[in-house]
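The values are calculated or read from the model by the stated rules, or taken from the named source; none is laboratory data. Computed from a predicted model, the values in this text were never measured in an experiment. Note that each Cβ is placed from the backbone with ideal geometry, even for glycine, and that neighbours are counted across all protein chains shown. Accessible surface areas use protein heavy atoms only, side chains included; no ligands, DNA or RNA. Shrake-Rupley method; radii C 1.70, N 1.55, O 1.52, S 1.80 Å.
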Amino acid sequence: VIGIMIMLRQKISAQASVSAQQALPGIIISLILVTFSYAIAGLLIDAMYLSMFLIAGLFNTITGGEELGTQMISMNIFQLGGLMFVGGVNTWNENGNAITQILSSAVGSSDSNPLVAGIGYGAGLTVTIVIAVAVLIGTVKLFIELLKSYASIIMAVVFSPIYLMIGALPGKNAFSPWLKNLVGNLAAFPVTLLFVLIFKIFTENLNTADGGGFMPPFLVGNGQSGIAGSVLGRDIL
């Protein structure tokens, strides 16, 4: 194809046409990239696992050495969804307390008012059920997106020789888009691990008495920093 382009003096810009001197470097580079495309993809996949174990190691230390991050790497989607589901529904008490506080402030009553407390915990249970359904839907969507990323990675590796061969054509840059596509799809897996770990930390550690955190104005009111973990966990998820 390049030979025909040279013979026909195919233009690659308004001023220049294809020549052998211009085409040879692109052909050589493309031959090298095609030859090593599988090795490059393997290196990027190893880098993905390295970044995942790095994230797991950092957050294992933060969460008191429970090695939850390392366990997550070997989990399937159902186990990962169960982990988020348990973290989501275990905070119904905090949800009930928050709603009770908001109701008591709205009606000018005490938190110990049986009617206010009953409505608050009932509403908290309803919110928890909604969160549980959201976790289930989110898990299914996450599975579909990760499956699409996996399929894209496999397709990029399988068809890399044909795709990178196009880079030999003058004026074409096939390697950079191929590399960005591969890195972007591989990044989905460490990012998922990172945010599920943050979700677990926020929904568990920040809900304890000494967990820290703060609650800014206009959300659920002052003095409600105890549910910071629950609110942040839902938002991150």
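Structure values in brief
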item	result
Conditions (1) modelled with pLDDT of 70 or more; (2) surrounded by fewer than 19 Cβ atoms within 10 Å (Cβ to Cβ); (3) not β-branched (Val, Ile, Thr): number failed by Ser225	(1)
Within segment 176-222, considering residues that are crowded, with 20+ Cβ neighbours inside 10 Å and at pLDDT 90 or above, the one farthest from Ile2 (Cα to Cα)	Leu193
Any hit, segment 46-67, residues being open to solvent by less than 40 Å² (accessible area, probe 1.4 Å), farther than 23 Å from Phe143 by Cβ and at pLDDT 70 or above	yes
Residue under evaluation Gly122, criteria (1) free of Cβ contacts under 8 Å to residues at least 60 places away in the same chain; (2) open to solvent by less than 50 Å² (accessible area, probe 1.4 Å); (3) in contact with a helix residue (DSSP H, G or I) (Cβ under 7 Å, 6 or more places away or on another chain), criterion not met	(3)
